[in-house]
1. Listed residues Phe91, Phe56; which is of a type in the set (A, V, I, L, M, F, W, C), in contact with a Cys (Cβ under 9 Å, 6 or more places away or on another chain), surrounded by fewer than 20 Cβ atoms within 10 Å (Cβ to Cβ) and under 28 Å from Gln150 (Cβ atoms)?
2. For Asn351, indicate whether it is among the polar types (S, T, N, Q) and either outside the structural domain of Tyr470 (by the TED database) or over 26 Å from His431 (Cβ atoms) (or both).
3. I need the full set of residues from region 282-300 which are of a type outside the set (Phe, Trp, Tyr), within 26 Å of Ser340 (Cα to Cα) and buried (at least 17 other Cβ atoms within 10 Å of the Cβ), in order please.
4. Tell me, yes or no, whether region 258-276 has at least one residue that is small (Gly, Ala, Ser), modelled with pLDDT under 95, more than 21 Å from Thr181 (Cα to Cα) and buried (at least 21 other Cβ atoms within 10 Å of the Cβ).
5. Filter region 396-430 down to the residues that are acidic (Asp, Glu) and surrounded by 13 or more Cβ atoms within 10 Å (Cβ to Cβ) and list them by number.
6. Show me the strands (runs of 3 or more DSSP E) entirely contained within region 402-481 in which 3 or more residues are in contact (Cβ under 8 Å) with a residue 24 or more places away in the chain.
7. Inspect all residues belonging to region 362-385 and state whether any of them is buried (at least 19 other Cβ atoms within 10 Å of the Cβ) and under 18 Å from Lys262 (Cα atoms).
Amino acid sequence: MKNLWHGVKNLVNLKVVDLSECSKLEGMPDLSKATNLEVLILRRCSMLASVHPSIFFLAKLEKLDLYYCRSLTTLATDSHLCNLSHLNLNFCQNLTEFSLVSKNMKELRLRWTNIKAFPSSFGHQNTLKSLYLGGSNIKRLPSSIKNLMQLLHLEVSNCKEIQTIPGLPLFLETLDVEYCTSLLTLPKLPSFLQTLNAQSCISLQTLPELPPFLKTLNSRYCKSLQNLPELPMFLETLNAQSCTLLKTLPELPPFLKYLNVKDCESLKTVLLFPSTSVEQLKENRKRVMFLNCLYLDEHSLVAIGLNAQINVMKFANQHLSTQNHDHVENYSDYDDNHLSYQAVYVYPGSNVPEWLEYKTIKDYLIIDLSYAPPSPMLGFIFCFVLGKYRDTARYRRLEVNITLSNVEGEGMKQSVRMYIDFWNLTIKSDHECVMYDHGCSSFLNSKAKIQTRFKIQVTVRIQVYYQRTYILPQQVLKGFGVSLISTSTYNSFTQEMELHDSMFEFH
């Protein structure tokens, strides 16, 4: 069906039209008498070359969806629409001309279109909240964008020709410039910005001063970035993976939860932590990755190791303090949400840290609780020493299997798994992985209630896509350690840290 009808029909009661997937539709009829039409959906009408101009005069039209109408070349009108609030032109790959203003526009999607510039009237979209331009051929943003005072989200990812970004609206919350490979500089960032995604901006050499309320900073694969500015207090996530020229990290803010500087091969110094252990006890770090940061100085490595102990023990204690002693959680969503159940630190090192009670260079050890003071809840913190390894296959994560048996390794065996997300797995030298996992710890605690001595055996697998796994070579696991924790041992640890600080201040 190339056309619906000819002429004008009285469609006064029509409110929604959905003609998605009408792949042979070439044109729309006159809809001037569909005066109550609110929604018009023409997704994937791949032969649609134009829309009827009557659409621009529908006073109640709120949503126009032309997603993947790849024959559409122009969408332009001099009329100011009244109610249109959502316009989707994503993947209209031949769209070269766009000129449309609505007094009520809130969301405008122009991703992967062939638009190179905006009309001068663009700055009149005063109610616009979200603008998506990713993958379009836009060469520069209009300076009038700073006048869009209600704009909260701006996405210009994969715009390969953009070299600069003009001044931005004051209340912008999200700026996404990922894969803007020609981008040389960023403007002054708005005070209320919460998320900055500059991943793979390979020409970007510096970042401007970061705003005070920023929560997420992604500078992954910014290979020309030589330093990071001072980090704002409320930052929660910092991803600077593969910033290969980065030599130092500024002091990390107290609210930071996730840090990834994997493959920052020039990184030497980490001004990582506050001067006192007591201040570190206020942190809630959950995931810290220094994988393949092989040139870190000794002082930085010691600081990272202590910070790992403090944060992983605190995370374990929080879990133990909130657990129902008589209820065992089944963690049925573990495959998809395992990160929410874990605290993980990975950093260069060849030995299980001294503070872990049980250590071995084998793949098994014996846990003996017969002399341990009674405790209703025990947590189990692990450290795995992983050796040099390279795998070019696309994979999802490491799968660590913990198998329990009696001391002789006989009788009924039971297993529990933990996941460690590395993505592409290249370990260039020995690393320590310190972690606490809710599911694994709850499983071991339930067994410890009925068995005071047992054997733990560890097997490490790589899980590739489609749930396939294969065992890592035996030499990759160079040893592991286990430390038991209860609320009382954690309280003793915090008192010890406070005493250490006070003695340091005295001296």
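1. On the way: Phe56 fails: in contact with a Cys (Cβ under 9 Å, 6 or more places away or on another chain).
Among Phe91, Phe56, only Phe91 is of a type in the set (A, V, I, L, M, F, W, C), in contact with a Cys (Cβ under 9 Å, 6 or more places away or on another chain), surrounded by fewer than 20 Cβ atoms within 10 Å (Cβ to Cβ) and under 28 Å from Gln150 (Cβ atoms).
2. Numbers: among the polar types (S, T, N, Q): yes; either outside the structural domain of Tyr470 (by the TED database) or over 26 Å from His431 (Cβ atoms) (or both): no.
For Asn351, the condition - among the polar types (S, T, N, Q) and either outside the structural domain of Tyr470 (by the TED database) or over 26 Å from His431 (Cβ atoms) (or both) - is not met.
3. Here is the first cut: in region 282-300, the ones of a type outside the set (Phe, Trp, Tyr) are 282-289, 291-294, 296-300.
Next, only the ones that are within 26 Å of Ser340 (Cα to Cα) stay: 282-289, 291-293.
If the condition is that a residue be of a type outside the set (Phe, Trp, Tyr), within 26 Å of Ser340 (Cα to Cα) and buried (at least 17 other Cβ atoms within 10 Å of the Cβ), then Glu283, Arg285, Lys286, Arg287, Val288, Met289, Leu291, Asn292, Cys293 are the ones that fit.
4. Just the residues of region 258-276 that are small (Gly, Ala, Ser), to begin with: 266, 275.
Filter once more, keeping what is modelled with pLDDT under 95: 275.
The next check asks that each one be more than 21 Å from Thr181 (Cα to Cα); those that pass are 275.
Narrowing further to those that are buried (at least 21 other Cβ atoms within 10 Å of the Cβ): none.
No, every residue in region 258-276 fails to be small (Gly, Ala, Ser), modelled with pLDDT under 95, more than 21 Å from Thr181 (Cα to Cα) and buried (at least 21 other Cβ atoms within 10 Å of the Cβ).
5. Of all residues in region 396-430, those acidic (Asp, Glu) come to 399, 408, 410, 421, 430.
The answer is Glu399, Asp421, Asp430.
6. Values: elements: 414-420, 431-437, 453-464, 469-471.
By residue number, 414-420, 431-437, 453-464.
7. yes
For (1) of a type outside the set (A, V, I, L, M); (2) in contact with a strand residue (DSSP E or B) (Cβ under 9 Å, 6 or more places away or on another chain); (3) under 27 Å from Leu499 (Cβ atoms), each residue gets a yes or a no:
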residue	(1), (2), (3)
Asn260	yes, yes, no
Lys268	yes, yes, no
Leu271	no, yes, yes
Asn292	yes, yes, no
His299	yes, yes, yes
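The values are calculated or read from the model by the stated rules, or taken from the named source; none is laboratory data. Because the structure is predicted, anything quoted here is derived from the model rather than measured. Methodologically, a virtual Cβ is constructed for each residue, glycine included, from the backbone with ideal geometry; neighbour enumeration extends over all protein chains shown.
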